[in-house]
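Asker: First the structure, then my questions, so here it is.
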Amino acid sequence: MYEVAFLLDKDLSYYDLMLKNRGFVNVVNCFTRDIYWSKEDFSSLSEEEIKKSCIRFRVVDVKSKDMGQFQNYHIYDDTQDKFIYPIKDLLIKDKEFMDRGFIKVFDTKKVDHQYQVSNMKSKIQLQEIDKIGLVLYYDNPDYAELSLIKQKEMLIQELNSYGFTFKENELSIDKLRSLYFDKVVYEGENI
C-alpha cells in the first residue's frame, strides 16, 4: 500500500485548524524516538532498502483523546513486533548492538499528531520531525488494489478535498535518505 509523505510549508496550527474546520478530530498525539542500527552503507540505497537493512527500536509516549496515556516510554522492537523493553534498558541494547557490529545510524525524534473523521480507515498524520520539518503522512486501504501511481493520485485527490493543495506530480519526501544526506531528498531522487 502506498503512503504519501509530503513536506508542508505552513506550521502545525494552520493545518490543525484547517482539518478541525472540516470535521476532523485530533485523536492521538505522541512523541516518538526512532533508533536505527545497521551494518550497511546507505549511500546508494533507496528509502525502502534503508528501512529493510535496519533494525529499529521505537521509544513512544502516546497521549490519546480517547485512551489517555497508555504507553510511557517503552521500546518497540521491530524484530519482535511489540513493545518489550522498558526505557531504562536502552543503554543495554545500545551496547549489545554495538558489540554485534551494528552502528547506530539514526536517532530521530518526532511529534506525531493524528487526525480522523468518523468514516476514515486511516489517519492523517502531521509529524514534526527533527531536522526535517512538518511532514504529512497518509495512506488509505481502500486504494490498496490500485496501481501505485493510481493510489498516489487518489490520495492526493482525497487530501485536496480536505483543504490541502497538493499537485498531481508532487513527490513524497524520503525521511531516512533526508536524514542520511542531511538535506531534503524526495522519492526517486538520485544523490
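Asker: Determine whether region 75-89 contains at least one residue that is at pLDDT 70 or above, within 22 Å of Asp130 (Cβ to Cβ) and among the β-branched types (Val, Ile, Thr).
Answerer: Kept after step one, since they are at pLDDT 70 or above, are these residues of region 75-89: none.
No, there is no match, as no residue in region 75-89 is at pLDDT 70 or above, within 22 Å of Asp130 (Cβ to Cβ) and among the β-branched types (Val, Ile, Thr).
Asker: Are there strands (runs of 3 or more DSSP E) fully within region 90-191 with at least 3 residues that are modelled with pLDDT under 95? List them. Steps first, please.
Answerer: Working: elements: 103-116, 124-129, 133-138.
By residue number, 103-116.
Asker: Okay, moving on. Give region 51-68 a look and list any residue that's out of contact with any strand residue (DSSP E or B) (no Cβ under 8 Å at 6 or more places or on another chain) and at pLDDT 70 or above, or say none. Before you say what the answer is, go through the steps one by one.
Answerer: Step one: filter region 51-68 for residues out of contact with any strand residue (DSSP E or B) (no Cβ under 8 Å at 6 or more places or on another chain), giving 51-52, 67-68.
Result: Lys51, Lys52.
Asker: Which ones in region 149-161 are free of Cβ contacts under 8 Å to residues at least 12 places away in the same chain and either surrounded by fewer than 13 Cβ atoms within 10 Å (Cβ to Cβ) or touching a Lys or Arg at 6+ places or on another chain (Cβ under 8 Å) (or both)?
Answerer: Narrowing region 149-161 to residues free of Cβ contacts under 8 Å to residues at least 12 places away in the same chain: 149-150, 157, 160-161.
Result: Ile149, Lys150, Gln157, Ser161.
Asker: Is there any pair with a first residue in region 162-189 that is touching a residue at least 24 places away in the same chain (Cβ under 8 Å) and more than 30 Å from Val105 (Cα to Cα) and a second that is among the β-branched types (Val, Ile, Thr) and not in a loop (DSSP other than H, G, I, E, B) whose Cβ atoms are under 6 Å apart and which are 6 or more apart or on different chains, and what are they?
Answerer: Close Cβ pairs (under 6 Å, with a partner that is among the β-branched types (Val, Ile, Thr) and not in a loop (DSSP other than H, G, I, E, B)) amount to Phe166/Ile156.
Asker: Let me ask something else about it. Sort out which residues of region 3-42 are in contact with an Asp or Glu (Cβ under 6 Å, 6 or more places away or on another chain) and assigned to a loop (DSSP other than H, G, I, E, B), and write them in order of number.
Answerer: The one that is in contact with an Asp or Glu (Cβ under 6 Å, 6 or more places away or on another chain) and assigned to a loop (DSSP other than H, G, I, E, B): Glu3.
The values are calculated or read from the model by the stated rules, or taken from the named source; none is laboratory data. Being a predicted model, the structure only gives us computed values, none of them experimental. Ideal geometry is used to build each Cβ from the backbone, glycine not excepted, and the neighbour counts take in all protein chains shown.
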